[in-house]
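The values are calculated or read from the model by the stated rules, or taken from the named source; none is laboratory data. Because the structure is a prediction, the values reported are computed rather than measured. Here the Cβ is made from the backbone with ideal geometry for all residues, glycine too, and neighbour counts use every protein chain on show.
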Amino acid sequence: MSLPSPRKPRTSVNQPTPGYRVFQGVNGVILTLVVVVTLYPFVNIVARSFSGERQIRAGEVTLWPKGFNLTTYEIVFNDGMFWRNYGNTVFYTVVSTAVAMALTTCYAYVLSKKHLKGRGFLVGVAVFTMFFTGGLIPNYVLITSLGLKNTVWALALPNAISVFNLLVMKAFFESLPDELEEAAQIDGLSTYGILRRIVLPLSKAVVATMVLFYSVSFWNSWFSAFLYMDRTDLMPVTVYLRNLIAGATQGGNAGATTEQLSQTAANIQAVTIVLTSLPILCVYPFVQRYFVSGVMLGAVKG
C-alpha cells in the first residue's frame, strides 16, 4: 500500500510575483530619482540664500551654505516696507481666496444639477474663458473704469473663478448621492441649507484642495498687483521683492555699504524665493492629506 504523496504548498494569492517585485524595485528607484531631482534645486536655493558673495559667484555652493552670511536677510527684514507689504499679501490672499471659494463653490454646485435648464450653456461659458480672454488692455481699462485700482478687489474679482477648479468641484458634487439632498428637502431644508449643512461637510477634501490651489495662486501672483497698485504701501510682498531684484526701488538698501550691496546682489533671488515659498510650505502639510483624495474624487467620479 503506497503512501499518498505530500501535497505541494499552495501559493498565496496575495504573495507578490517575481515580476511585481522587480516592478516595485524599479519604481522605487525612479521615484527616488524624481524626489532628488525635485528637491535639489530648492535645497540649493536655500543654501545660496545663507552663503557668502564670494562662494556664490565662484559656484561653490551646492547643498550646504558656505561663507555663512545673513546680510541680505538683515537688509530685507530691517525695512519696514517689507513687513507692510507682507501683511498686504496675507490680507489679499485671505480675501481673494474667500471670494474665489464662495463663487466657485456656488457655481460648481449649480452646474452639478443635471436637471438645470441651460446647464450646457453655463458650462460652455465657463470653458470658453479657458481659451479666450479679453486681453490685457481691455482688462486694465475695465478695472480702472470701475474704480477698483489700489483695492483688493482688483486682485480678487478678475481671478475669482478658475475653470479647472470649477470643473473639479462640479465633478465632485455630481458624485454625491442624490438621495441625501432629497431627504434634506423632505426635512424642509432650502437649497442653500442643503449646500451648507449637507454638501459642504461631505466635501471637505475637495474644498481643502481648492483652498490650497487658490491660496498658492494668489500668494505668488504679482503681475496683477504690479498693474493695478500704484501706491508702494499697498503692494504685496512679491512686487516688493521683484522691485528689489530689478533695482526699481532702493528702500531695502538704504544706508547699506558697498560690501552689503554686493552681497545682496549675489543672493537676493535666492532670498526672495525662500521668503515667498516658506508660508506655503508651512501650510501645505496641514492640507496635504486632503489633496490627493480631493483631486482624485473630483476627477475620477462622475
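Brief remarks follow.
- Qualifying residue in the stretch 88-100 (condition: more than 24 Å from residue 215 (Cα to Cα) and part of a helix (DSSP H, G or I)): no
- Residue pairs whose Cβ atoms lie under 6 Å apart, separated by 6 or more positions or on different chains, with the first residue in the stretch 54-72 and buried (at least 17 other Cβ atoms within 10 Å of the Cβ) and the second of a type in the set (Asp, Glu) and modelled with pLDDT under 85, are 66/60.
- Condition met for residue 287 (more than 16 Å from residue 93 (Cα to Cα), modelled with pLDDT of 80 or more and outside any loop (DSSP other than H, G, I, E, B)): no
- The helices (runs of 4 or more DSSP H) found wholly in the stretch 147-218 and carrying at least 2 residues that are over 24 Å from the mean Cα position of the chain (by Cα) occupy 163-175, 178-186, 191-194.
This table checks each residue for (1) at pLDDT 85 or above; (2) surrounded by 20 or more Cβ atoms within 10 Å (Cβ to Cβ); (3) out of contact with any Ser or Thr (no Cβ under 7 Å at 6 or more places or on another chain); (4) not acidic (Asp, Glu).
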position: 177; (1), (2), (3), (4): no, no, yes, yes
position: 181; (1), (2), (3), (4): no, no, yes, no
position: 190; (1), (2), (3), (4): no, no, yes, yes
position: 197; (1), (2), (3), (4): yes, no, yes, yes
position: 216; (1), (2), (3), (4): yes, no, yes, yes
position: 226; (1), (2), (3), (4): yes, no, yes, yes
position: 237; (1), (2), (3), (4): yes, yes, no, yes
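- Scope the stretch 125-143; condition β-branched (Val, Ile, Thr) and in contact (Cβ under 8 Å) with a residue 24 or more places away in the chain; matching residues: 127, 129, 143
- Filter result for residue 129 (modelled with pLDDT under 90 and assigned to a loop (DSSP other than H, G, I, E, B)): no
- Some residue of the stretch 130-137 being among the polar types (S, T, N, Q) and surrounded by 14 or more Cβ atoms within 10 Å (Cβ to Cβ): no
- Residue list for the stretch 85-113, filter: more than 21 Å from residue 164 (Cβ to Cβ) and either among the hydrophobic types (A, V, I, L, M, F, W, C) or surrounded by fewer than 13 Cβ atoms within 10 Å (Cβ to Cβ) (or both): 87, 90, 91, 94, 95
- Test: residue in the stretch 219-226 that is assigned to a loop (DSSP other than H, G, I, E, B), within 22 Å of the chain's Cα centre (by Cα) and of a type outside the set (Phe, Trp, Tyr): yes
- Residue 62 vs. criteria part of a helix (DSSP H, G or I) and not charged (D, E, K, R): no
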